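Since every read-out is calculated from the coordinates, none of them should be taken as a lab result. Computed from a predicted structure; not experimentally measured. All Cβ positions, even for glycine, are placed from backbone atoms using ideal geometry, and neighbour counts span all protein chains on display.
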Amino acid sequence: MSGKSFLIAGALTLASIGVASAKSYEINLVSPAKAGSNQLKAGQYKLKVEGSEATFTSEQDATSVTVTVKIEHGGTKFSQTSVETESKGGVDTIQRIMLGGSDTKVQLGE
């Protein structure tokens, strides 16, 4: 492989790593819930996690909310994406999201 071909292959590999890290996940909120200090309506959302931020984009009206998160990695992969909520003062609050197909757990804070 020539030096020029090697550089092109390397650039394509790096570009694909960037795209892979920006994977989005589908979540469904059956009732309204808070994500950080933001109120989300019930419905379908695309969740995109990049670094220490998670962006929820409504599939109904394309509005987006970005919140600060903490990423944790465990030993086993989650078979599906799931949302764990806790009721605080009568309001459901998203605590963590387990990302399907990975061992990544997204912790939300207030």
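Overview of results
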| read-out | value |
| --- | --- |
| Residues that are out of contact with any Gly (no Cβ under 8 Å at 6 or more places or on another chain), not in a strand (DSSP E or B) and not hydrophobic (A, V, I, L, M, F, W, C), drawn from the stretch 37-80 | Ser37, Lys41, Gly51, Ser52, Asp61, Thr63, Gly74, Gly75, Thr76 |
| Residue, farthest from the chain's Cα centre (by Cα), within the stretch 68-91, restricted to residues that are of a type in the set (Ser, Thr, Tyr) and surrounded by 10 or more Cβ atoms within 10 Å (Cβ to Cβ) | Thr85 |
